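Working notes, structure below.
What follows is calculated from the coordinates using simple rules that are stated; it is not laboratory data. The structure presented is a predicted model; accordingly, all values stated were derived computationally and were not measured. Cβ placement follows ideal geometry from the backbone for every residue including glycine, while neighbour counts extend to all protein chains displayed.
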Amino acid sequence: MTVTETPRFVRADGPDKVTGSGRYTADLSLTGMLTAKFKYAGVAHGRITKLDTSAAKAIPGVFAVLTQADVPNVRFGPFVQDRTLFADGVVRFEAEIVAAVAAIDAATAQRAVDAIVVEYELLPVVNDAEAALAPDAPLVHPDWSSYGAARPMVRNRNDASFASIAKGDVEAGMAQADHVVRSRYVADGCHAAPIEPRAIVAQWEGDKVTIWSSTQVPFDARAGVCETLELPANRVRIIVPHLGGGFGGKCGFHQEAHVAALARAARRPVRLVFSRREEFLAPDKRREGITYEFETGVRNDGTITARRVKMVLDNGAYTSDAGFFSQIGAMHGLGPYRIPNLLAEAHLVYTNHQPSGSVRAPTAPQSCWALESHTDEVARAIGIDPVEFRRRNAVDTGAEGPSGQLYGEIGVQQCIAEAARLAGYGQTLPADEAIGLAIGWWPSFSVPSGAYVKIDGDGSGQIITGAQECGTGSVMTLRQLAADEVGLRAEDFQLVYQDTSVAPYDMGATGSQTLFNNGRAVVAAAAQVAEQLRQLAANRLEADPADIVLADGRAHVAGTPDRSVTIAKLAAIAAGGELLIGHGSGAPPEAPALVGSTCVGNVGMAAWVAPQFSCHAVRVKLDRDTGVVRVLHVAAAHDSGTIINPLAAEGQVQGAVIMGIGQALTEGTTYDDAGHQRNAALLEYKLQTCADVPPMAVHFVQINTPNAGPRGAKGLAEAPNVATAAAISNALAQLVGQPVRQLPMTAERVWNAMNATGAQGGAA
Amino acid sequence: MSFTIARTLDEALAALAAGARPIAGGTDLVVGARHGKAPLPADLVAIDRIPGLAEVTVTAAGITIGAAVSHHTLEGHPLIASTYSALADGSALVGSPATRHVGTLGGNIMNASPAMDTGAGLTVLGAEVELRAQAGSRRVTLADLWTAPGRTSARPDELCVAVHVPTPAPRSGSAYLRLEYRRAMEIAVVGAAAAVTLAPDGSVAAVRVALSAVAPTILSLGGLETLAGGSVNDVAAAVAAAASQQATPISDVRATDHYRRHTVGVMARRAVAAAARRAAGETIAIPVNRSIGIGAAS
Ligand SMILES: Cc1cc2nc3c(=O)[nH]c(=O)nc-3n(C[C@H](O)[C@H](O)[C@H](O)COP(=O)(O)OP(=O)(O)OC[C@H]3O[C@@H](n4cnc5c(N)ncnc54)[C@H](O)[C@@H]3O)c2cc1C
């Protein structure tokens, strides 16, 4: 194998997207296609006392109206089986689907939706996750104990998933401390907000259904359809056209089964396209709101003796993939620090809000924001510079992390040094500017994955992979891996992907896992083809296959480059005999052992394969008269292992930093007393715009990572979303005089914090 | 249901008389309809291709801006930028480059949102609106035009054809600022425009201030006559206090009334300061939001 030097190739689907020739799911049109629309609950919590669809069914042009009575009675959910396709007697959040309509056009579908009669007996709205933990709080799921659930889940009433991580003796550790710093932080929920609202088209042919869906996880979507409509996997085909962004919001199984059921009942293809408002309200995906209570014991010499953290996460009405958030949240509540005595307790609590789910690095940015703001408070309490405090207390190569994981070579200390240097930490700044810094971490996810590689008779290659693309470009980098294996160029390979009936399984564009796992699969598949090529070349060049080198489009005998044959020639020979086809999966790296810690509710999120580390340092400017904050510069240093495609990697960091700025300052969902989102629109839910983006300096600390992905790569797409909000908070706290204790740190909250007299420790 | 593209003013006026609603850029009308604010009117007449309606003309009394002039034209117009700066400041803040190319001054005015970005500037510049129907035309002041959020005193058959802005007195300058949480695709949380005329000794000879997003319509500050003769700093401080006091803001998802009341004072103070600097001959780039205070580059 020859490794191409730092390729900086542009993503192959770029021209399609930029010129508008790319086709998205909503662009599909099939003969006879109907339009789907949903009837939503409209109330956050209520018992259905009447549901009558007869008037809707009678409208000319309406082909199908479905409710839970029309689909198999299946309760589903990856961690807790607490959910049905349609409301089953009770609605638990405002956008729960009560009924679905397929009609000849959108206007007719809307009239049918309006003609569906639903009456409710209103139930108390559980609007606050902390209050929902009280013993006498109304239950969101009175039947919770009868639900099926994944085995390690620890559940109790509204607490859908409890996790704790304990090590040492916290009381004793606090007793050794010179200072004990306590703080409370509150993070509001927020959204993935992809620019493409989701779209789904379903078409039946006989007993098989093809579903085009804007999903990040086609195999997961297929599994959901199979489970809820009781179909075998080989009768459901999911195809993903161009995907217009996901950010985690399009992970999980969503409305594919609703649309498939409508298409079956209507005997016509059916298309669903969400409005922007639906995209805000209806998906099982919102970044969870979390409250934090921290307590850290520290000695005057700067060593942390103990930490206690209690976290309450807003699960929303149903447990989608959020089941693991309590444990991974607990890890983020503790942070990448050396702490001998610790206890983290995290509760994932039902409310009558939209369900939470994986949005880019779930639990991490808000927890990093809270913990790292607290960490600066700790450093200040003993008068040590926050950067120096982190140098002393952050984990390092050979150190033990909070869950008892012993680290091989890691680059967190290098990240701190690089980010501080790139930001000019320590320079004299104008009075209304400050630089804050924070460290973050995120695992790589080690899971099964598969791919095929073939080279056709003309010497051109194809990778047929289950991997999915959501804008990260990581599938594009797969071509580089295959090309290097067989001695061709990345451009010699085309990708066939996002089709569950064509390629082997892959988890999808989720968990930053594409390059880590599918890269391994592609390398294994390409290695088989390389082996075939070496055999063919050896026959032709009368050499030992072990001496054949594949490079620059040719096979040559090691040491004698002119004894060679082109790979195109070998491919032509193969086309007349045994074809050049490889398949690969490869064994996923094993999870590390944990020593000396106790993990309750262990869903495997405390032992991190190839952990990634980062440090962001941000310079901000504060308008003291209004509380408006402007980010002037972001320095981001990352240990994500070997960087295989620097152009794509830098793009990931830049995008995640912009998202982090939004989370820090302007993006947050607020609820009214009745449990309705108050800002489910892009004017009121404020994403950052291009005009707001500051200059950035990105640096990759590339170290030799043990137990990692191909060529020592770790994941990357989520890690850069972790530390930005925290760094902004730490800069702002210097200007305000205290942390702004609620996320997002909106201008008004900043202004309130500046004007609060003696406000310490409470949420603004 | 009909959509008429008017080629002449007379065609447009005839369509209005027959019950059609005018559409210029459609950035309020169509977007609002999509968001469920109000259904799209059944009959529309497009006014964006009428010759002359998109022109800026210099007159003896000042300038006349056609109703279909785009924000993009206004923000880049040298005379407007130098002499009617508060209007250029406002137009330069509207939406995104795409919104500014399509959205028009007439649409902004006739949409009558209290958060509109040209309204406060036009008010302090003393602008009047020319309304025309088949029967003839009339001029109204802005104070008489806007009656409530989204409402004007124009009759359904009247088209806004132009905005007339008088030439400012010598040694005058104006500016408009808004509080914004991001630098594009934003709506004013609060805003303030000021027009300042300086006396030869540098004191303030006259000041006018109007506020956006703190009342049902653009709010013209009263009682400022007594400030004449004061220094710029003193006047700015007094204006800030008056703005906070006279504003009647609401609480909504963007801000509380308390915060709006405070920040509108800040915007008013900054608007007076910027207007005074311009009156003294200094050039502050359009929009002033990007040059001083909250939205500034660094
Ligand atoms: C993304 C986005 C961002 C925006 N940002 C801002 C902003 O920052 N600041 C701001 O102030 N506005 C903003 N707007 C609102 C809008 O762009 C402006 O108000 C614009 O000036 C409206 O002009 P238009 O030509 O598009 O109006 P239209 O939508 O065509 O018309 C608006 C209303 O005025 C009526 N009308 C139009 N022309 C006339 C006329 N000549 N005579 C009588 N009635 C007429 C129409 O019937 C309609 O009721 C934004 C809009 C969008 C979509």
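Within the shell of other residues whose beta carbon sits under 11 angstrom from the beta carbon of A:Ser564, the net charge comes to +2, with Lys and Arg scored +1 and Asp and Glu -1. With no solvent and one point on each alpha carbon, what is the Debye value of log10 I(q)/I(0) for chain B at q = 0.10, 0.13, 0.17 Å⁻¹? So the normalised log intensities work out to -0.50, -0.85, -1.40. Applying D = kT/(6 pi eta Rh) to the stretch A:487-620, where Rh is the Kirkwood radius over alpha-carbon pairs, T corresponds to 25 °C and eta to 0.890 mPa s, the Stokes-Einstein value obtained is 132 µm²/s. For the stretch B:1-45, the relative contact order works out to 56 percent when only alpha carbon pairs closer than 8 Å and six or more residues apart are counted. Inter-part distance, the stretch A:496-541 to the stretch B:194-209, computed on C-alpha centroids, equals 74 Å. Peptide B:206-214 has a mean shielding of 0, counted as Cβ atoms of other protein chains within 10 Å of each residue's Cβ. Among A:79-86, A:424-431, A:179-186, A:145-152, sorting by the average number of other beta carbon atoms lying within 10 angstrom of each residue, highest first, gives A:79-86, A:179-186, A:145-152, A:424-431.
How shielded is A:429-442 by partner chains, expressed as the average number of their Cβ atoms within 10 Å of its Cβ atoms?
0
Treating each Cα of the stretch B:1-45 as an identical point scatterer and summing with the Debye formula, the log10 of I(q)/I(0) at q = 0.17, 0.21 Å⁻¹ comes to -0.46, -0.67.
Counted by neighbouring Cβ atoms within 10 Å, the residues A:Thr19, B:Thr118, A:Thr67 run from fewest to most as A:Thr19, A:Thr67, B:Thr118. Pairs of Cα atoms nearer than 8 Å and 6+ residues apart set the relative contact order; for the stretch A:568-660 it is 18 percent. Restriction of the GluC sites (Glu not before Pro) in the stretch B:1-109 to DSSP coil positions whose beta-carbon has at most 13 other beta-carbons within 10 angstrom yields B:Glu55. Over the stretch B:172-289, calculate the relative contact order: mean separation of alpha carbon pairs under 8 Å at least 6 apart, over the residue count, as a percent. Value for the stretch B:172-289: 34 percent.
For the stretch A:75-106 versus the stretch A:192-230, the spacing of their alpha-carbon centroids is 15 Å.
Working value for the stretch A:342-402: equivalent-ellipsoid semi-axes of 29, 15, 12 Å, each the square root of 5 times a Cα gyration tensor eigenvalue, largest first. Measuring from each cysteine beta-carbon in chain A, the ones with no other cysteine beta-carbon under 4.7 angstrom are A:Cys190, A:Cys226, A:Cys251, A:Cys368, A:Cys470, A:Cys599, A:Cys690. The stretch A:626-678 and the stretch A:395-425 have their alpha-carbon centroids 21 Å apart.
Averaged over the residues of peptide A:626-637, the number of Cβ atoms from other protein chains lying within 10 Å of each residue's Cβ is 3. Using every pair of separate Cα atoms, the Kirkwood estimate puts the hydrodynamic radius of the stretch B:185-243 at 12.2 angstrom.
Greater than 22 Å separation of Cα atoms is the criterion. Which listed pairs, A:Lys37/A:Lys250; A:Lys17/B:Lys37; A:Lys208/A:Lys250; A:Lys310/A:Lys686; A:Lys285/B:Lys37; A:Lys454/A:Lys569, meet it?
A:Lys17/B:Lys37; A:Lys208/A:Lys250; A:Lys310/A:Lys686; A:Lys285/B:Lys37
Its residue count N sets the reference 2.2 N^0.38 Å, and the alpha-carbon radius of gyration of the protein assembly as shown equals 1.01 times that reference.
Counting only DSSP beta bridges with both residues in the stretch A:451-584, tell me the antiparallel percent, nearest 5.
80 percent
Of the peptides A:692-698, B:138-144, the order by per-residue mean of other Cβ atoms within 10 Å, starting with the highest, comes out as A:692-698, B:138-144.
Order of B:Arg155, A:Arg92 from fewest to most other C-beta atoms within 10 Å? Mind showing how you got there, number by number?
Numbers: B:Arg155 10, A:Arg92 27.
So the residues, fewest neighbours to most, are B:Arg155, A:Arg92.
Residue ranges B:196-209, B:61-74, A:369-382 sort as A:369-382, B:61-74, B:196-209 when ordered by packing (mean number of other C-beta atoms within 10 Å per residue, highest first).
Provide A:Leu683, A:Leu743 in ascending order of the number of other Cβ atoms located within 10 Å of each residue's Cβ, fewest first. Intermediate values should be presented prior to the final figure.
Working: A:Leu683 14, A:Leu743 29.
Going from sparsest to densest Cβ surroundings: A:Leu683, A:Leu743.
About its Cα centre, the stretch B:172-289 has a charge dipole of approximately 280 debye under the convention of +1 per Lys or Arg Cβ and -1 per Asp or Glu Cβ, with nothing else charged.
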